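Student: Take this structure first; my questions come after.
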Amino acid sequence: MKTSILSLSVCAGLALGGSIISGCSASTPAGNVQVQPPPMQTVQQAPPPQQQTGPAMMQNTTTATGSGSAGSMVTQTWTATGYNVSDFVSNHMTLRARQFANGFIAVTDLVRGTMRHGERRTVVAAVVGGHCYRIIGVGGAGVGDLDLYLRDLTGNVIDQDRAPDNFPVIGLDRQLCLPAGMGNQSAQLEIRMARGDGEIGVQVFGSP
């Protein structure tokens with residue numbers, strides 16, 4: 001299994017379906033990470049946790065419910081935020097996280113939105129040294145091909161999943177790890193609707 005060394009950090013501002021999911025703060029051994037929301041948007045930022053032993057935490061403006069919220073460890077009984085067996089996105093995120101991120105910690109809640117064919121959305125991300133990451137995407141009904149591209153801040157592609165399906169995963173075939181002592185770095189996660197229209201979900205997981 002190959003390993004990609006990241007000079008990267010995951011805090012995000014994600015514009016989907018006409019709404020902004022943005023803003024975070026995290027306290028880590030390497031220091032504080034803060035991402036301000038886009039101009040003209042008002043976002044309530046969560047205070048940093050008192051203690052943190054896992055990867056950097058990422059908050060969004062949705063209310064987290066269920067066992068799959070940020071900070072939860074993935075087990076074979078784990079379920080995504082807002083899980084409902086009849087809900088395609090949360091159900092399939094649950095199945096794929098159990099399969100591909102078992103033993104990892106949810107760095108984010110399940111971030112959801114609606115995209116149309118050809119649309120692209122970018123998450124500005126922040127990871128913490130000493131952890132490895134997996135990023136899982138789910139395209140709902142009507143989505144034929146959903147792709148993920150992880151880039152550094154100069155635009156170079158670090159890793160990608162552009163297979164012609166609606167379940168992209170980054171960090172599986174090639175591990176995405178940040179060496180201990182590297183501190184917090186930044187990257188961009190591009191979500192691309194290559195074919196179809198519909199609801200999508202993305203969630204980031206990090207090693208303990």
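Student: In debye, nearest 20: dipole of region 112-208 around its Cα centre with unit charges on the Cβ of K, R (+) and D, E (-)?
Tutor: Details: 10 positive and 11 negative charges, 30 e Å.
Its charge dipole is roughly 140 debye.
Student: Would you please give the FRET efficiency between LEU153 and THR75, computed as 1/(1 + (r/R0)^6) with r the Cβ-Cβ distance and R0 = 22 Å, to the nearest 0.05? Show your work: numbers first, answer last.
Tutor: Working: r = 34 Å, r/R0 = 1.55.
So, using R0 = 22 Å, E works out to roughly 0.05.
Read-outs throughout are calculated quantities, based only on the coordinates presented, and are distinct from any laboratory measurement. The structure presented is a predicted model; accordingly, all values stated were derived computationally and were not measured. Reconstructed Cβ throughout: ideal geometry from the backbone, glycine too, with neighbour counts over all protein chains shown.
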